[in-house]
1. Note the direction-averaged projected area, equal to a quarter of the hull surface, for the Cα convex hull of the chain, in nm².
2. As an exercise, use a Förster radius of 41 Å and the Cβ-Cβ distance of E207 and K44 to find the FRET efficiency, rounded to the nearest 0.05.
3. Tell me the mean residue ellipticity at 222 nm calculated for the chain from its helices only (DSSP H runs of n ≥ 4, each -39500 (n - 2.57), averaged over every residue, nearest 500).
4. For L163, what charge total do you get from the other residues with a beta carbon under 13 Å from its beta carbon, if Lys and Arg give +1 and Asp and Glu give -1?
5. Label 7 Å along Cα→Cβ of T277; the range 237-265 residues with amide nitrogen under 14 Å?
6. Calculate one ³J(HN,Hα) per residue across the range 54-62 by plugging θ = phi - 60° into the Karplus curve 6.51 cos²θ - 1.76 cosθ + 1.60, and present them in order as whole Hz with x for glycine and proline.
7. For I132, enumerate residues with amide H under 5 Å from its amide H, sequence gap 5+ or separate chain, H modeled in the peptide plane.
8. Relative to the longest principal Cα axis of the chain, at what angle does helix 224-245 sit, 0 to 90 degrees, rounded to 10?
Amino acid sequence: MTEVYTLDLNFQGIPHVIASYLIKHPRGAAIIESGPGSTIEALKAALKVHDLTVDDITDVLLTHIHLDHAGAAGWLARHGDHGQGARIYVHPNGAGHMLNPEKLINSATRIYGPLMDQLWGEFLCVPEDKLIVIQDQQEVVIDHLRFCPLDTPGHAEHHYAYLLEDTLFTGDVGGIRLPGPPHLRVPMPPPEFHLERWRESLGKMQETSCKRLAPTHFGIYDNPEWHFEMLQRGLDEVEAFMIETLPADPPMPAISDKFMQWTGARAKREGLPDEMTGAYEAANPSWMSATGMQRYWRKYRVAVG
Ligand SMILES: [Zn+2]
């Protein structure tokens, strides 16, 4: 079994929030996720532990283009692979934003305002000759390594999970699960959170019969069956929350407050220590999920119901 190493990008000084996964090969190394621009120094430090530098990164596979997963891809496309630039692999629906990230940066700036830089750092475009757009299940071959991308919408329409042998890198569609007491949250950002597509993606991930899961937030877990059950339950619980809350079309702050309370009560029920709340919120802010749920509900449930 090919060894997979977890690189902790120590996002905002908090351990175990954003991972990049390192897989070595004879010419250097591939990573899954670049992490954001703000954690490039942490990435360098984590590579050093393996006697590697950015020079050794030949290939970067992105699960999707959200800033916490892909923000440093443009930088790696200039500095990786001994200064020739690493190759960046992406879903067709995300490719345009990597070549021309202006819209992505503008919409993130509207959300994060003055915190934008501190949180995410610089987002450089990926030069066209370094961007490789891959189709669903089109194998990515890097030396002896073979990665199979699985089209897995629900969290975002441009999301892949990657299967390497029996390890599945689930990006965000596998949910948020940090080391510690078993607890899983569903990240539902606007504008593309979609419950039914997510359920289909869950089925696809289960069909892989993988033995290990590596969600970007955070770590490698060897009990995929339990994990998928928790994800299924998480989706069911979120749907129940939406059915109870959203038909009255309450204003956004009310949805956000109620969802924060709901999330807190659920964490307590599952025995999550209070000191882990910050890490879960850093990986997946509840207010953002509230926004994503409202958008989904108005677009898909009100319109058809
Ligand atoms: Zn995401």
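1. 14.9 nm²
2. 0.65
3. Value at 222 nm, helices only, nearest 500: -11500 deg cm²/dmol.
4. Within the 13 Å Cβ shell, the charges total -2.
5. Residues passing the 14 Å test: 257-265.
6. For the range 54-62, the Karplus curve yields 4, 3, 7, 6, 9, 9, 10, 9, 9 Hz.
7. Those lying under 5 Å, H to H, from I132 are I88, Y89, V90.
8. The helix 224-245 is inclined about 40 degrees to the chain.
Readers should treat all values here as calculations from the given coordinates under stated rules, not as data from a laboratory. These numbers come from a predicted model, not from an experiment. Virtual Cβ from ideal backbone geometry, glycine too; neighbours counted across all protein chains shown.
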